[in-house]
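Colleague: Below you'll find the structure I mean.
Values in this text are rule-based calculations from the coordinates and carry no lab data. Bear in mind the structure is a predicted one, so any value in this text is a computation, not a measurement. All Cβ positions, glycine included, derive from the backbone under ideal geometry; neighbour counts span all protein chains shown.
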Amino acid sequence: MKTRLATLLLATAALACTVDNNASIQVVALCAPPEETCGTEGGCGTYLASQPYVYLEGGTNFLELFVEMTNQLADNSDPSAGRLNTNDAYLEKYRLSYRSAFFSYSNFDFPASGILRAESTSAPVVRLIPEAISAPMSAAMTNAGVTTGLVEVELTVTGHYASGDSFEVGGVTFPVDVHNDAFPGYTCPNATDTITYVCPNVAQTAAYTCTPAAAP
């Protein structure tokens, strides 16, 4: 059994997948999809080293990836004074905008959830191209007569701290290679292998496991 990372190795990828952001909440990078267990402890185990891709499957598929985020605020609790920590960050929305030669859309809000603790790093799964965007994007590609194109996905994260203060971190852009043709499937060493694990979603950049067929 072997787990592989399905990506398109493009020359611009490493630069495209990490960002520099000095706000209190920092969007750090796209994670390489984790192998074996589709979840993360803390931040990325490994950063995504290539530009992500997705096949829209006629507008029925979506793209989601693990995105590393850091809360740079200190835990300001003081048990001796009875003061609770007010710097934990509660994620509320991912605001998404799209730019390409064939499709543009601004300020699509997708619900977020989870807590980013003070002085901690986490990597929640973010649906960068939800189904509600996949369908019109696929239609736009069909109308433009293109089957493959580069889409810039801009991510803004909004929420509030335990203090009640709100935050908005963004303008972080990730280029995505979008396909509107048929997904050819993942590649395994042997034609008889069965894919038994895909993370985080099919027909996109993902980790997957090829399991050999049982011996006769």
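Colleague: I'd like the orientation of helix 131-144 relative to the chain: the angle between its Cα long axis and the longest Cα principal axis, in ° from 0 to 90, rounded to 10.
Modeller: Taking the Cα atoms of the chain, the angle to 131-144 is about 50 degrees.
Colleague: Moving on to the next point. Whose amide H sits under 5 Å from the amide H of Phe167, counting only residues 5 or more places off or on another chain, with H placed in the peptide plane?
Modeller: Gly159, His160, Tyr161
Colleague: Charges only on Cβ, +1 for Lys and Arg, -1 for Asp and Glu: so what's the dipole of the chain about the Cα centre, in debye to the nearest 20?
Modeller: 300
Colleague: I need the shape label for the chain. Rule: rounded when a/c is under 1.5, else prolate if a/b > b/c, else oblate, with a, b, c from the alpha carbon gyration tensor.
Modeller: Since a/c reaches 1.5 but b/c is at least a/b, the shape of the chain is classed as oblate.
Colleague: Could you tell me how far the Cα centroid of the range 193-215 sits from the Cα centroid of the range 125-181, in Å?
Modeller: Comparing the Cα centres of the range 125-181 and the range 193-215, I get a distance of 25 Å.
Colleague: Name the long-range amide H neighbours of Tyr197: under 5 Å, sequence gap of 5 or more, or other chain; modelled H, no Pro or chain starts.
Modeller: The list, which skips near neighbours in sequence, is Thr209.
Colleague: Would any residue of the range 43-83 have its amide N under 17 Å from a label point 7 Å out along Cα→Cβ of Ser24? List them or say none.
Modeller: Hits in the range 43-83 for Ser24 at 17 Å: 69-78.
Colleague: Further question on the same structure: Give me Phe103, Phe183, Phe66 sorted ascending by neighbouring Cβ count inside 10 Å, so fewest comes first.
Modeller: Ranking Phe103, Phe183, Phe66 by Cβ neighbours within 10 Å, fewest first, gives Phe183, Phe103, Phe66.
Colleague: Using only DSSP helix segments of four residues or longer, with each worth -39500 (n - 2.57), what per-residue ellipticity at 222 nm results for the chain after dividing by its residue count and rounding to 500?
Modeller: Theoretical 222 nm ellipticity from helices: -2500 deg cm²/dmol.
Colleague: Moving on. What full-extension length gain, to one decimal in nm, is calculated for Ala215 and Asn107 as 0.36 nm per residue of separation minus the Cα-Cα distance?
Modeller: 33.6 nm
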